[in-house]
Amino acid sequence: GVRSLRTLEVRVQRQSENTSRLVSWLHAALHAPAPAPGSDESAVQAVLSEGFHASVQKTEGEWLAKQMPNGFGPVFSIFMKEERMARELPGRLRFFQHATSLGGVETLIEWRTMTDPTVDRRLLRISVGLENWEDLRADLVRASRELAEL
(Lines give C-alpha, C1' and ligand atoms only; values in the text may rest on other atoms or scores of the structure.)
Protein backbone atom coordinates (compact mmCIF):
# COMPACT_ATOMS: atom_id res chain seq x y z
CA GLY A 1 0.00 0.00 0.00
CA VAL A 2 2.74 2.46 0.91
CA ARG A 3 4.65 1.77 -2.32
CA SER A 4 1.49 2.41 -4.29
CA LEU A 5 0.83 5.70 -2.51
CA ARG A 6 4.31 6.95 -3.43
CA THR A 7 3.37 7.06 -7.13
CA LEU A 8 -0.34 7.84 -6.78
CA GLU A 9 -0.04 11.55 -7.63
CA VAL A 10 2.02 10.87 -10.76
CA ARG A 11 -0.36 8.14 -11.92
CA VAL A 12 -3.46 10.30 -11.38
CA GLN A 13 -1.86 13.24 -13.20
CA ARG A 14 -0.94 11.05 -16.17
CA GLN A 15 -4.41 9.50 -16.35
CA SER A 16 -6.01 12.95 -16.18
CA GLU A 17 -3.77 14.33 -18.94
CA ASN A 18 -4.35 11.27 -21.15
CA THR A 19 -8.09 11.50 -20.67
CA SER A 20 -8.26 15.23 -21.38
CA ARG A 21 -6.24 14.83 -24.57
CA LEU A 22 -8.21 11.81 -25.77
CA VAL A 23 -11.60 13.34 -24.96
CA SER A 24 -10.63 16.67 -26.53
CA TRP A 25 -9.59 14.92 -29.73
CA LEU A 26 -12.70 12.72 -29.72
CA HIS A 27 -14.97 15.73 -29.16
CA ALA A 28 -13.31 17.66 -32.01
CA ALA A 29 -13.54 14.65 -34.34
CA LEU A 30 -17.19 14.08 -33.49
CA HIS A 31 -18.06 17.72 -34.19
CA ALA A 32 -15.84 18.30 -37.24
CA PRO A 33 -17.94 19.77 -40.04
CA ALA A 34 -17.92 17.71 -43.25
CA PRO A 35 -14.85 15.55 -42.58
CA ALA A 36 -12.96 14.20 -45.57
CA PRO A 37 -13.90 10.64 -46.58
CA GLY A 38 -11.49 8.17 -45.04
CA SER A 39 -10.29 10.63 -42.37
CA ASP A 40 -10.07 9.78 -38.69
CA GLU A 41 -12.92 12.22 -38.08
CA SER A 42 -15.20 10.49 -40.60
CA ALA A 43 -14.47 7.10 -38.97
CA VAL A 44 -15.46 8.48 -35.56
CA GLN A 45 -18.59 10.15 -36.90
CA ALA A 46 -19.64 6.92 -38.62
CA VAL A 47 -19.98 5.03 -35.33
CA LEU A 48 -20.23 7.50 -32.41
CA SER A 49 -23.21 9.68 -31.64
CA GLU A 50 -22.13 11.41 -28.39
CA GLY A 51 -19.38 11.65 -25.80
CA PHE A 52 -19.51 12.92 -22.21
CA HIS A 53 -16.71 14.07 -19.91
CA ALA A 54 -16.38 16.93 -17.46
CA SER A 55 -13.66 18.54 -19.60
CA VAL A 56 -16.08 19.15 -22.50
CA GLN A 57 -19.14 20.17 -20.50
CA LYS A 58 -19.89 23.75 -21.49
CA THR A 59 -22.81 24.59 -19.22
CA GLU A 60 -20.96 23.93 -15.98
CA GLY A 61 -17.37 24.25 -17.19
CA GLU A 62 -16.34 27.17 -14.99
CA TRP A 63 -17.77 25.60 -11.85
CA LEU A 64 -16.17 22.25 -12.66
CA ALA A 65 -12.79 23.86 -13.36
CA LYS A 66 -12.87 25.45 -9.89
CA GLN A 67 -13.82 22.13 -8.31
CA MET A 68 -11.08 20.23 -10.16
CA PRO A 69 -8.21 22.69 -10.76
CA ASN A 70 -5.68 19.93 -11.45
CA GLY A 71 -7.68 18.13 -14.12
CA PHE A 72 -10.71 15.94 -14.50
CA GLY A 73 -11.19 12.27 -13.78
CA PRO A 74 -10.18 9.42 -16.08
CA VAL A 75 -13.70 8.09 -16.73
CA PHE A 76 -15.88 9.21 -19.63
CA SER A 77 -18.85 7.87 -21.57
CA ILE A 78 -19.61 7.45 -25.24
CA PHE A 79 -22.78 6.50 -27.05
CA MET A 80 -22.47 4.51 -30.22
CA LYS A 81 -24.89 4.98 -33.13
CA GLU A 82 -26.14 1.39 -32.86
CA GLU A 83 -26.34 -1.24 -30.13
CA ARG A 84 -24.38 -3.64 -32.35
CA MET A 85 -21.48 -1.18 -32.42
CA ALA A 86 -21.49 -0.80 -28.63
CA ARG A 87 -21.48 -4.56 -28.21
CA GLU A 88 -18.65 -5.09 -30.70
CA LEU A 89 -16.30 -2.16 -30.04
CA PRO A 90 -14.72 -3.49 -26.81
CA GLY A 91 -13.71 -6.73 -28.53
CA ARG A 92 -12.07 -4.88 -31.43
CA LEU A 93 -9.83 -2.68 -29.29
CA ARG A 94 -6.25 -3.72 -28.55
CA PHE A 95 -5.20 -1.21 -25.86
CA PHE A 96 -8.54 -1.20 -23.99
CA GLN A 97 -9.40 -4.10 -21.71
CA HIS A 98 -13.07 -5.05 -21.41
CA ALA A 99 -13.97 -4.90 -17.70
CA THR A 100 -17.01 -4.26 -15.51
CA SER A 101 -15.01 -2.54 -12.77
CA LEU A 102 -13.34 0.66 -13.90
CA GLY A 103 -10.12 1.99 -12.38
CA GLY A 104 -6.52 0.92 -12.33
CA VAL A 105 -3.49 1.81 -14.43
CA GLU A 106 -4.66 0.16 -17.65
CA THR A 107 -7.32 1.57 -19.96
CA LEU A 108 -10.64 -0.18 -19.47
CA ILE A 109 -13.91 -0.16 -21.39
CA GLU A 110 -17.31 -1.41 -20.28
CA TRP A 111 -20.45 -2.09 -22.26
CA ARG A 112 -22.64 -0.84 -19.45
CA THR A 113 -25.76 -2.85 -20.26
CA MET A 114 -23.94 -6.07 -19.34
CA THR A 115 -24.16 -5.10 -15.66
CA ASP A 116 -27.12 -2.70 -15.76
CA PRO A 117 -29.85 -3.72 -18.22
CA THR A 118 -31.80 -0.50 -17.54
CA VAL A 119 -29.33 1.80 -19.34
CA ASP A 120 -29.20 2.72 -23.01
CA ARG A 121 -27.72 -0.30 -24.82
CA ARG A 122 -25.46 2.00 -26.88
CA LEU A 123 -23.58 3.25 -23.79
CA LEU A 124 -19.91 2.48 -23.23
CA ARG A 125 -17.87 3.74 -20.27
CA ILE A 126 -14.11 4.18 -20.55
CA SER A 127 -11.49 4.59 -17.83
CA VAL A 128 -8.21 5.84 -19.30
CA GLY A 129 -4.97 4.43 -17.93
CA LEU A 130 -1.28 5.21 -18.28
CA GLU A 131 -0.81 4.22 -21.91
CA ASN A 132 0.17 6.83 -24.48
CA TRP A 133 -3.03 8.70 -25.41
CA GLU A 134 -2.08 8.69 -29.09
CA ASP A 135 -1.97 4.88 -29.04
CA LEU A 136 -5.47 4.90 -27.54
CA ARG A 137 -6.64 7.35 -30.21
CA ALA A 138 -5.21 5.21 -33.02
CA ASP A 139 -6.83 2.13 -31.51
CA LEU A 140 -10.24 3.85 -31.40
CA VAL A 141 -9.90 5.05 -35.00
CA ARG A 142 -8.89 1.60 -36.28
CA ALA A 143 -11.76 -0.12 -34.45
CA SER A 144 -14.20 2.57 -35.61
CA ARG A 145 -13.20 1.99 -39.21
CA GLU A 146 -13.73 -1.73 -38.80
CA LEU A 147 -17.19 -1.20 -37.33
CA ALA A 148 -18.17 1.32 -40.00
CA GLU A 149 -17.29 -1.17 -42.75
CA LEU A 150 -19.60 -3.90 -41.44
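May I ask you to give the percent of accessible area on the chain that is carbon plus sulfur, with a probe radius of 1.4 Å?
With neighbouring chains kept in place, the figure for the chain is 52 percent.
Which order do you get for Phe96, Phe72, Phe52 if you rank them by accessible area with a 1.4 Å probe, largest at the top?
Largest to smallest exposure gives the sequence Phe52, Phe72, Phe96.
Let me have the 222 nm mean residue ellipticity of the chain computed from DSSP H runs of 4+ only, each contributing -39500 (n - 2.57), with the sum over all residues rounded to the nearest 500.
After summing the helix terms and dividing by the residues of the chain, the value is -14500 deg cm²/dmol.
Would you mind working out the magnitude of the charge dipole of the chain relative to its Cα centre, with +1 at each Lys and Arg C-beta and -1 at each Asp and Glu C-beta, to the nearest 20 Debye?
280 debye
Is any residue of the stretch 4-35 close enough, with backbone N under 18 Å, to a label point placed 7 angstrom from the Cα of Val105 along the Cα-Cβ axis, and if so, which?
Only 4-19 pass the distance filter.
Which whole number in µm²/s is D for the chain by Stokes-Einstein, with the Kirkwood Rh taken over Cα pairs at 10 °C and 1.306 mPa s?
In µm²/s, the coefficient rounds to 100.
Using heavy-atom solvent-accessible surface (probe 1.4 Å) with all chains present, what is the largest-first order of His98, His53, His27?
Putting His98, His53, His27 in descending order of accessible area: His98, His27, His53.
Once the other residues with Cβ under 12 Å from the Cβ of Gln45 are scored (Lys, Arg +1; Asp, Glu -1), what is the net sum?
Residues near Gln45 contribute -1 overall.
Could you list which residues have their amide H under 5 Å from that of Leu48, counting only those 5 or more apart in sequence or on another chain, with H placed in the peptide plane?
It is Lys81, by chain and number.
Taking a quarter of the surface of the convex hull around the Cα atoms of the stretch 65-135, what do you get in nm²?
Orientation-averaged projected area of the Cα hull: 5.7 nm².
What does the accessible area of Trp111 come to, in Å² to the nearest 10, when a probe of 1.4 Å is used?
Approximately 30 Å² of Trp111 is accessible to the 1.4 Å probe.
Compare Asp135, Asp116, Asp40 in a GNM of the chain, Cα atoms joined below 10 Å, and give the one with the largest fluctuation.
Looking only at Asp135, Asp116, Asp40, the biggest GNM fluctuation is shown by Asp116.
Using a 1.4 angstrom probe, figure out how much accessible area the chain has per residue, in square angstrom, rounded to the nearest whole.
With the other protein chains kept in place, the chain gives 56 Å² per residue.
Given springs between every Cα pair under 10 Å in a Gaussian network model of the chain, which of Ser16, Ser39, Ser127 has the largest fluctuation?
Evaluated over the chain, the most mobile residue of the options is Ser39.
Could you sort Glu17, Glu9 by accessible area so the largest value comes first, with the probe set to 1.4 Å?
Largest accessible area first, the list is Glu9, Glu17.
Of Gly38, Gly73, Gly51, which is the most mobile in a GNM of the chain whose springs link Cα atoms less than 10 angstrom apart?
Of Gly38, Gly73, Gly51, the most mobile in the Gaussian network model is Gly38.
The values are calculated or read from the model by the stated rules, or taken from the named source; none is laboratory data. Fair warning: this is a prediction, and the values are worked out from it, not measured in the lab. Quick reminder, even Gly has a Cβ in these numbers, built from the backbone with ideal geometry, and neighbours come from all protein chains shown. For the accessible areas, the whole protein counts, side chains as well, though only heavy atoms, and no ligand, DNA or RNA atoms are used. Shrake-Rupley method; radii C 1.70, N 1.55, O 1.52, S 1.80 Å.
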